[in-house]
Amino acid sequence: MLKKIEEKLQADGKYNQLVECGNGGKRMRQDDEQALGKHATFKKLERLFKSPNLKDPSARSCPYYGFNYYDVTAEEEKIMDETMDKDIVDWFLQQRQSCYVAFKYTEPSARRINFEPFLFFLVNSARKVNPAFQDLMASLYGDWLHRCDVVKKVQRCQDKVALDYMLDTEFKDDKPPIGALLGDVVRCMVVCPTPEDVVEAMSKLKGCKKLTVLRIKNGFAAKNPAFGYRQILVNVLFEANGVSMVCEVQVNLADYVFIKEKIHTYYSISRVGKNFASSPEMYGLVWKPSM
């Protein structure tokens, strides 16, 4: 079905329009000085966020990795309590206790604690940015916009870090916090009826003065996208309520979106399949929603 959509676009002379919407740019980490790295809370908790993970040299290649949660100082805990939502702080403290137990009774090679403190700050920041971001996207795209009023949760963020970054050699030299690579905690989807509408949507985004376009990943310019699914992913820098962070706009053609959910299930299976034997807990990731 996807191949037929692509063939029709090419036959109609529309495919090149989508390719020419742009491609490339530089990835910006969330802890960059232009993004969350300049936030006062980040500055205060920088030692905690940038502390190395397990000192075991094999830890970096493990599907999941641990963090020494009981190394949090009383002052750092106080800062988190004063600056973050209560449910996020409670979740952090729960994970801190779990980590303490795991580190006390488990051998390094068997540890599967999969959280890092920065992610709690990231999700808390996303909650402050998301409403204004969704409203801006609505003003640009109207009925084309599929709002995402709920930001990614901490567990979902860490699952993505473990699968997309910790196992990919492309990111082997990245320093903690690895979660700073996540650029889609705040995101939305724009569904365009026609190729011409996709071109218009991209033009509106590039021309918007209330954000900065950082990077474009154009699936129509890719040789072999997963399962043939093509969309345009745009990372932007957006600021609201005193918080600047990297957000994602997913620009889609309606014909592709029709089968998006089915493709996403197969894609999830392909991503985690090679890790089933070593990490059975990953089975649960297959059935997560796409947004």
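Where a number appears in this text, it was derived from the coordinates with a stated rule and is not lab data. Treat the numbers as computed from the prediction; the structure is a model and nothing was measured. FYI the Cβ positions are ideal-geometry reconstructions off the backbone, even for glycines, and counts take in every protein chain you see.
The table below lists the values:
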item	result
Nearest-0.05 FRET efficiency for V150 and E239, computed from C-beta distance (R0 22 Å)	0.60
Stokes-Einstein diffusion coefficient of the range 152-191, Kirkwood radius over Cα pairs, 25 °C, 0.890 mPa s, in µm²/s	223
Label-point gap, in nm, between N23 and K38 - each point 7 angstrom along Cα→Cβ	3.2
FRET efficiency estimate (nearest 0.05) - Cβ-Cβ, V101 to K209, R0 41 angstrom	0.20
The range 154-259 shape via C-alpha gyration tensor axes, a/c threshold 1.5	oblate
